[in-house]
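Input: a single structure, listed below in structure tokens.
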Amino acid sequence: MSASLALFLCLSAAPGRALDAPAVTAVESIGFTVSDADRSARFFETVLDFEKVGETEFHGPDHERLLGVFGLRVRRVTMRLGEERIELSEFLAPEGRPIPADLKSQDHSFQHIAIVTSDMEKAYARLRSHRVRHASTGPQKLPDSNPKAGGIEAFYFKDPDGHFLEIISFPEGKGDPKWRNAPAGRLFLGIDHTAIVVSDTEKSLAFYRDALGLTVAGDSENFGTEQEHLNNVFGARLRITALRAASGPGIEFLEYLAPSDGRPAPADKRANDMIWWQTRLRAADAEGLAVSLFRNGTAFVSPGLVNFPDRALGFGAGATVTDPDGHAIILVSR
């Protein structure tokens, strides 16, 4: 038995501890697995104006425990746009599976990042000039008949591996005010949120709001031809719920009220598969939070909290769990 697992099991038998402050203090980064880190970095630099800010390669038993993949060696490239970061992880060993060709926007493994643009027309022209693959028919402007989302423009497309991405533009009075205070002349400003498909909003709220301490920042119900063509799903009707921590991009639930044919995440999904996304959350007390989640029946990928004394990944300890629909969360502490 590993030392980290023994400690975790010991802690899980100890008396409960109250979390007075929000358990999660920041959404630090959003990551996903890619087949070629150099190709993906060039895509985000050239097409979307991200900046490469770091690169590391890691392997060994602690990393295997954190991500649940034996024998791994990972090359990770960190990219920044504005104040937000993404992490591109290329598994040199063992190689995983590509994104399923039939992955749909309503499938429960769906996740994307929403990149804010200052000018939708120019942004779409930039994407077309680089021949990106469409996931939406084209940019869609949500109607004013939806008071909570009306005037927002968005477009879904894909990166070289087939990960879904979104560009989004907010009208006056909607979105984080910081997007209207961004430096003039920038086409792409930062990441507003990561969106995940959920099967049941209430179950997801019990996890993200009640257990992790995120705050509900807004909600809406979206439907109509614009929403259908944005998601490229006929008859799409979505319940959308936005949550935030004290800092970092938001986490947005997409619950498909219709159609209800979204498929569950593959039970054998692993971190080296291209379908894998992970959202890294900074916790005030990662150890206590991990114990609390364990008691509440949360699914763990790692055997509890794993320590990283060298902090090469940017944190001193971390635990990987999955939410009610299988989306991966890495809880970290300094």
Which one of these is surrounded by fewer than 22 Cβ atoms within 10 Å (Cβ to Cβ) and touching a His at 6+ places or on another chain (Cβ under 6 Å): P264, P249, P303, P259? P264
Could you please find all residues in region 247-276 being under 17 Å from I30 (Cβ atoms) and either modelled with pLDDT under 95 or aromatic (F, W, Y) (or both)? F253, W276
Restricting the search to region 87-116, which residues are touching a helix residue (DSSP H, G or I) at 6+ places or on another chain (Cβ under 7 Å) and either without any contact (Cβ under 8 Å) to a residue 40 or more places away in the chain or of a type outside the set (S, T, Y) (or both)? L88, E90, I115, V116
Pair list, Cβ < 6 Å and 6+ apart or interchain, from region 198-221 residues that are free of Cβ contacts under 8 Å to residues at least 12 places away in the same chain to residues that are assigned to a strand (DSSP E or B): none
Considering only residues that are part of a strand (DSSP E or B), under 22 Å from F308 (Cα atoms) and without any contact (Cβ under 8 Å) to a residue 40 or more places away in the chain, which ones fall in region 29-73? V53, G54, E55, E57, H59, R73
For S302, state whether it is hydroxyl-bearing (S, T, Y), touching a residue at least 24 places away in the same chain (Cβ under 8 Å) and in the same structural domain as S145 (by TED's automatic domain parsing). no
Those residues of region 268-292 which are touching an Asp or Glu at 6+ places or on another chain (Cβ under 8 Å), among the hydrophobic types (A, V, I, L, M, F, W, C) and under 16 Å from G68 (Cα atoms), in sequence order: M274
Name, by its number, the condition in (1) small (G, A, S); (2) within 22 Å of P259 (Cβ to Cβ); (3) in contact with a Gly (Cβ under 6 Å, 6 or more places away or on another chain) that does not hold for G190. (2)
Might you check whether a residue that is farther than 27 Å from D219 by Cα, part of a loop (DSSP other than H, G, I, E, B) and in contact with a Phe, Trp or Tyr (Cβ under 7 Å, 6 or more places away or on another chain) occurs anywhere in region 126-134? yes
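The values are calculated or read from the model by the stated rules, or taken from the named source; none is laboratory data. From a predicted model like this one, the values you see are computed outputs, not experimental measurements. Ideal geometry is used to build each Cβ from the backbone, glycine not excepted, and the neighbour counts take in all protein chains shown.
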